[in-house]
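Report on one structure; see the data block that follows.
The values are calculated or read from the model by the stated rules, or taken from the named source; none is laboratory data. Note that the coordinates shown come from a computational prediction; the quantities given were computed from them, not determined experimentally. Because the Cβ atoms are built from the backbone with ideal geometry, glycine has one as well, and the counts that use them run over all protein chains shown.
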Amino acid sequence: MSLFEELLPRHLMLIYQINDRIMKDVSARYPGDIIKMRNVSIIEEGLEKSLRMAQLCIHSSHTVNGVAELHTKILRSKVFADFEELYPGKLQNKTNGITPRLWLLTCNPLLASLISEHIGTAWIRDLKQIKGIESYIDDADFRDSFFEIKEINKKTPEPLCL
């Protein structure tokens, strides 16, 4: 807080105003729930006050991305459970970067083709569909093709995966 006070006093004043509005809203919605107020406050009260950037982010953003499904569940149920109650649906899950299915299509087209040949292309949109490949585990032709693709990939230079 001392750094903010020294370098960004106007910003800090605005943060205090934002927090004041939030605390009034939370107090009206959850009368007497001091713990909830403490959990969602942008200002950490204590011996030395501190600015809680995650809380500021959640309050001021339209949505917040948890990146992975498990990460989002942890955010919703444990880390920011009070925010999930205060702003239902704000904590969302969207995969950043490349998805396993896109990686497979881009970086291992031979394997992607083999999979599609056997179970269709639904796995490209829904990775859970790739589980269908398990029914070919005892298929000798499939296994031979799979191991042939592995050998080809070992011998060829690494593909450029963008």
> Is it the case that residue 68 is aliphatic (A, V, I, L, M), at pLDDT 95 or above and either in contact with a helix residue (DSSP H, G or I) (Cβ under 6 Å, 6 or more places away or on another chain) or farther than 25 Å from residue 6 by Cα (or both)?
Replying inline: no
> In region 35-96, which helices (runs of 4 or more DSSP H) lie fully inside it and hold 3 or more residues that are free of Cβ contacts under 8 Å to residues at least 40 places away in the same chain and of a type in the set (A, V, I, L, M)?
Replying inline: 53-60
>> Which count do you get for residues in region 1-13 that are in a helix (DSSP H, G or I) and either in contact with an Asp or Glu (Cβ under 9 Å, 6 or more places away or on another chain) or exposed (fewer than 11 other Cβ atoms within 10 Å of the Cβ) (or both)?
In response: 7
>> Consider region 73-109. How many of its residues are under 25 Å from residue 25 (Cα atoms), surrounded by 13 or more Cβ atoms within 10 Å (Cβ to Cβ) and polar (S, T, N, Q)?
In response: 1
>> Name the single residue that is surrounded by the most Cβ atoms within 10 Å (Cβ to Cβ) among those in region 110-122 being within 28 Å of the chain's Cα centre (by Cα) and under 14 Å from residue 150 (Cβ atoms).
In response: 115
